[in-house]
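A short write-up of the structure that comes next.
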Amino acid sequence: MIRFENIESPMADLYSVKYILSFKKLENPKLKEIGQEGTTRLYYNNKALEKAYLTKSSIDATSNEESLKNLIRSNPQEFKVTTTTGLGKSLNEALEEGEGVKIKSYKPGHVALDLSTKSEALVVLTDNYYPGWNVYINGEKKGLIKTNYAQMGVLAPGGKNTIDFKFEPKSARVGQIISLISLWLLVPILLILWRKKLK
């Protein structure tokens, strides 16, 4: 549930907010009222981007600040041009018929996508970019790209590919290693104590 001070803000669209609850009637062409319970109204946002989308139109920036400026300068009502940070190049093509990306599985810490594109394209996941996330194309680790200032993306080759965004923080791996070491140390100690008890 979001209380919008300014319902015209495009941030809900950018972050794929498709459903909005409100205590008052909202007047906006992008919102369609689909239900009401008491004073609470439910709206569908028809301008919201898909949770994962494919694009061949992007502007690259060398810093987060420049990326934010590019995002603000682009058409905020449509987000037809994606902004990237540190990709090293911009893209300027139109998507062809049949090209697209579909969410195969969406779970905490793991998002799996099926991609079909005839040439190199940028795949954007509108979840927040955060340290510890990695991306794999057909099982091979690729460089995670910061898109739209604070979202995740990857540059994918043409063809049919599977893409996996996985949350794999170093802290989790360190914890696993410590647990394994503890287990290896614990087993001999338990055996020694067990033998002493038998005597």
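Yes/no matrix, rows are residues, columns are (1) at pLDDT below 85; (2) touching a Phe, Trp or Tyr at 6+ places or on another chain (Cβ under 9 Å); (3) among the basic types (K, R):
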| site | (1), (2), (3) |
| --- | --- |
| E50 | no, no, no |
| S58 | no, no, no |
| I72 | yes, no, no |
| N75 | yes, no, no |
| T83 | no, yes, no |
| G86 | no, no, no |
| L91 | no, no, no |
| A94 | no, no, no |
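The set of residues in the stretch 142-161 that are in a strand (DSSP E or B) and in contact with an Asp or Glu (Cβ under 9 Å, 6 or more places away or on another chain) comprises Q151, M152, L155, A156, K160, N161. Residue count for the stretch 123-149 satisfying the condition of being at positive phi and either under 11 Å from the mean Cα position of the chain (by Cα) or crowded, with 20+ Cβ neighbours inside 10 Å (or both): 2.
The values are calculated or read from the model by the stated rules, or taken from the named source; none is laboratory data. All values derive from a computational prediction rather than experimental measurement. Note: ideal-geometry Cβ built from the backbone for every residue, glycine included; neighbour counts use all protein chains shown.
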